[in-house]
1. Mind telling me which of L79, L20, L53 comes out most flexible in a GNM of the chain, alpha-carbon contacts under 10 Å?
2. Farthest toward the dipole's positive end in the stretch 8-93, which of G61, S36, I16, given Cβ charges of +1 (Lys, Arg) and -1 (Asp, Glu) about the Cα centre?
3. Starting from the 7 Å offset along Cα-to-Cβ, what nm value, one decimal, do you get for the label separation of K46 and N19?
4. Which of the lysines could a cross-linker span from K62 if the Cα-Cα distance has to be under 29 Å and same-chain partners fewer than 8 positions apart are dropped?
5. Assuming R0 = 30 Å, what is the FRET efficiency of D77 and A7, from their Cβ-Cβ distance, to the nearest 0.05?
6. Using the alpha-carbon atoms, what tilt in degrees (0 to 90, nearest 10) does helix 2-25 show relative to the longest principal axis of the chain?
7. Taking K and R as +1 and D and E as -1, what net charge do the other residues with C-beta under 14 Å from the C-beta of H51 add up to?
8. To the nearest µm²/s, what D does Stokes-Einstein give for the chain at 37 °C and 0.692 mPa s, using the Kirkwood radius over alpha carbon pairs as Rh?
Amino acid sequence: MNVVYIAIGAVLLLWIAFNLHRRRKNRNKIICVVASSCTGCRRCVKRCQRHVLEVVEDEAGKHAAVKHPDKCTACGDCLGKCKFGALKLIERA
Ligand code: SF4
Ligand code: SF4
């Protein structure tokens, strides 16, 4: 039984270390939407727990937009939800 607890603890520690490393690496980055590739499906909007993204409609059509850039931690969670390659992390200006 102890082996199971040790294994679970090790996995948890690795997960925490991986996330800390990812955050540190992306500290100066921000999410960016390629409007021409975006279908406005909202998958990324629903995934972002910090409410950075919203879907808007303008001359480029319906697409996601970065509405609250100051809140983006560049965690990358939304990237995995986009099936159209419409999201990317870029350096903050
Ligand atoms: S990178 Fe993270 S914080 Fe930024 S928009 Fe995507 S899910 Fe939200
Ligand atoms: S998941 Fe991709 S295609 Fe869907 S709204 Fe977000 S950026 Fe656009």
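1. L20
2. Among G61, S36, I16, the one farthest towards the positive end of the dipole of the stretch 8-93 is I16.
3. 2.2 nm
4. Within the straight-line cut-off, K62 pairs with K29, K46, K71, K81, K83, K88.
5. On the way: r = 26 Å, r/R0 = 0.86.
Result of the calculation: an efficiency of 0.70.
6. Once rounded, the angle reads 40 degrees.
7. Numbers: positive: R42, K46, R47, R50, K67, K71; negative: E54, D70, D77.
Net charge in that neighbourhood comes out at +3.
8. Numbers: Rh = 14.7 Å.
Reported coefficient: 224 µm²/s.
The values are calculated or read from the model by the stated rules, or taken from the named source; none is laboratory data. Please read these numbers as outputs of a predicted model, since none were measured by experiment. No Cβ is skipped: glycine too gets one built from the backbone with ideal geometry, and neighbour counts run over all protein chains shown. Only protein heavy atoms, including side chains, enter the accessible area calculation; ligands, DNA and RNA are left aside. Shrake-Rupley method; radii C 1.70, N 1.55, O 1.52, S 1.80 Å.
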